[in-house]
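The values are calculated or read from the model by the stated rules, or taken from the named source; none is laboratory data. The model shown is predicted, which means the values in this text are computed figures rather than measured ones. Cβ atoms come from the backbone with ideal geometry, glycine included; neighbour counts cover every protein chain shown.
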Amino acid sequence: MQPSPDALRHRIGVLSLVVIAASFAPVAPVLAAPVALDCSIGADRPTGSLQVVPGSSALFGGTSVETFSVEVEAGLGFDAACLAEQVESVLGDPRSWIHVGSLGWKRVDTNPDLRIIFTSPALTDQMCAPLNTGSIYSCRNGNRVVLNSYRWRSGTPEYAANLNEYRTYQINHEVGHYLGNGHVSCPGSGRVAPVMMQQTKGLDGCTMNGWPFPSVEPPPEIWDGKFKDDDGSVFEADIEWIATQGITLGCNPPLNDHYCPGEAVTRGQMAAFLDRAFGLPTTGVDFFTDDNGTVFESSINRIAQAGITLGCRDATQFCPDRTITREEMAAFLHRSPLTLDAVDARTFVDIELSMFADDIAWLSSVGITHGCNPPTNDRFCPTAPVTRGQMAAFLRRALDR
């Protein structure tokens, strides 16, 4: 959605969906295709204040450079750097607006030509006024592209199975308005929806599409190591190490080219990690009643046979789908076949009341954990969930000696 068209784009000329035959001369490689992330990291408690994502990007596209910043409303529960990466990967894709003319983009954190802003529904309404976004739409208002966090998280019913494509559409549609493009309709049932169609309101028989030029060949995806989504993670080396050891297979079968480092580890997944890490022997005993038919059942039975788990609510249940806590993880590793020498004597101030205090103290003494609140690291956060990235670090510290 957008206010009345203005003359903001005279420097690069108006780009529209009919200017498909224009030439494209990139001056730098385009970025990789968008990663399938919503960038959520916490609770959604918006404050109404905006924060600019610091840093800048390389130039991508042509020589008529438009600069843009990425701003995020504080308290939205998003990883701001992750959102900036998403925007860069969309705008730097040859299927996006850089396909025509000499348009180029560069992200900056001061004095941008275009501000791309992630906002709560309430702040969206304020920043889009006088346009009525009704807390459910995004907009372009002047040099601001305002992206509604509600839509970023939930998409639309038509896009329920492909939220990443909707987020791509959300960015390209509103940036398209900034570049001077107006709304268009579905060209016919079964046809690809134009990106400037108001797809949030429905597809009208068209098929979903988030790109201005969807038929353009997408760039090849390039990443380091086994997984696409751990590049730049503080746990990247640990993740790649446990992959080379066969401890993890990935998180998106059958491709398994993602590791999902920020996702919490379930007790079932933890059983599989430990089973592969220690090469536990098979058992014919079925220890628990609540894991029958799960993909982790055999691993769960093997760690039970090894004495690594004693159950959850009682000795007959394992709770395979429940997120494992840091203190439970400490107990699992302490009961495992590990034989390690003490290397540290770090004391945590928050473990006294934990039933796993001895396990946590052991975990610290052998150097598997350094704490949860750097740089002080005087806390362990016993009841906090363990992420897959953290688990990779714990396992590597335990095994790579």
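Among all positions in segment 368-381, there is at least one residue which is in a loop (DSSP other than H, G, I, E, B), under 27 Å from residue 233 (Cα atoms), at pLDDT below 95 and small (Gly, Ala, Ser).
The residues of segment 224-235 that are in contact (Cβ under 8 Å) with a residue 24 or more places away in the chain and surrounded by 14 or more Cβ atoms within 10 Å (Cβ to Cβ), listed by number, are 226, 227, 228, 229, 230, 233, 235. Just checking, does segment 365-378 include any residue being crowded, with 19+ Cβ neighbours inside 10 Å, closer than 20 Å to residue 267 by Cβ and in contact with a helix residue (DSSP H, G or I) (Cβ under 8 Å, 6 or more places away or on another chain)? Yes, there is a match, as at least one residue in segment 365-378 is crowded, with 19+ Cβ neighbours inside 10 Å, closer than 20 Å to residue 267 by Cβ and in contact with a helix residue (DSSP H, G or I) (Cβ under 8 Å, 6 or more places away or on another chain). Considering only segment 152-159, I want to know if a residue exists there that is under 21 Å from residue 67 (Cβ atoms) and either part of a helix (DSSP H, G or I) or in the same structural domain as residue 208 (by TED's automatic domain parsing) (or both). The answer is no; no qualifying residue exists. For segment 97-109: of the residues being modelled with pLDDT of 95 or more and either among the basic types (Lys, Arg) or in a loop (DSSP other than H, G, I, E, B) (or both), which is farthest from residue 59 (Cα to Cα)? Top of the filtered list is 109.
For segment 180-193, residues that are surrounded by fewer than 22 Cβ atoms within 10 Å (Cβ to Cβ) and closer than 22 Å to residue 104 by Cα total 2. Summed over segment 266-297, residues that are within 24 Å of residue 390 (Cα to Cα) and either outside the structural domain of residue 333 (by TED's automatic domain parsing) or more than 28 Å from the chain's Cα centre (by Cα) (or both) total 4. In the condition set (1) within 32 Å of the chain's Cα centre (by Cα); (2) hydrophobic (A, V, I, L, M, F, W, C); (3) farther than 18 Å from residue 387 by Cα, residue 260 is compliant with all but (3). Residue-level analysis places residue 47 among those that are surrounded by fewer than 16 Cβ atoms within 10 Å (Cβ to Cβ), modelled with pLDDT of 90 or more and either of a type outside the set (Gly, Ala, Ser) or in contact with a helix residue (DSSP H, G or I) (Cβ under 9 Å, 6 or more places away or on another chain) (or both). Count of segment 55-109 residues, restricted to those that are under 18 Å from the mean Cα position of the chain (by Cα) and among the aromatic types (Phe, Trp, Tyr), is 1. Specify which of the listed residues (170, 199) is touching a residue at least 12 places away in the same chain (Cβ under 8 Å), out of contact with any Pro (no Cβ under 9 Å at 6 or more places or on another chain), more than 23 Å from residue 68 (Cα to Cα) and crowded, with 22+ Cβ neighbours inside 10 Å. Just a single option satisfies the conditions, and that option is 199. Number of residues in segment 252-307 that are buried (at least 19 other Cβ atoms within 10 Å of the Cβ) and aliphatic (A, V, I, L, M) equals 10. Among the criteria (1) surrounded by fewer than 20 Cβ atoms within 10 Å (Cβ to Cβ); (2) at pLDDT 95 or above; (3) not basic (Lys, Arg), the one residue 176 does not fulfil is (1).
Any idea which of (1) assigned to a helix (DSSP H, G or I); (2) at pLDDT 95 or above; (3) surrounded by fewer than 20 Cβ atoms within 10 Å (Cβ to Cβ); (4) not charged (D, E, K, R) is the one residue 136 doesn't satisfy? Unmet condition: (1). For segment 145-163, the criterion of a residue being modelled with pLDDT of 95 or more, of a type in the set (Val, Ile, Thr), surrounded by 20 or more Cβ atoms within 10 Å (Cβ to Cβ) and in contact with a strand residue (DSSP E or B) (Cβ under 6 Å, 6 or more places away or on another chain) is satisfied by at least one position.
For segment 382-401, filtering for residues that are buried (at least 21 other Cβ atoms within 10 Å of the Cβ), small (Gly, Ala, Ser) and either in a loop (DSSP other than H, G, I, E, B) or in contact with a Cys (Cβ under 7 Å, 6 or more places away or on another chain) (or both) leaves 0. Exactly one residue out of 290, 257, 238 is at pLDDT below 95 and either on the phi < 0 side of the Ramachandran plot or not in a loop (DSSP other than H, G, I, E, B) (or both): that is 257.
Scanning segment 125-144 for residues that are of a type outside the set (Gly, Ala, Ser) and farther than 24 Å from residue 204 by Cβ, which turns out farthest from the chain's Cα centre (by Cα)? The qualifying residue farthest from the chain's Cα centre (by Cα) is 130. In segment 261-283 there is no residue matching the filter, namely being closer than 21 Å to residue 295 by Cα, at pLDDT below 90 and not in a helix (DSSP H, G or I).
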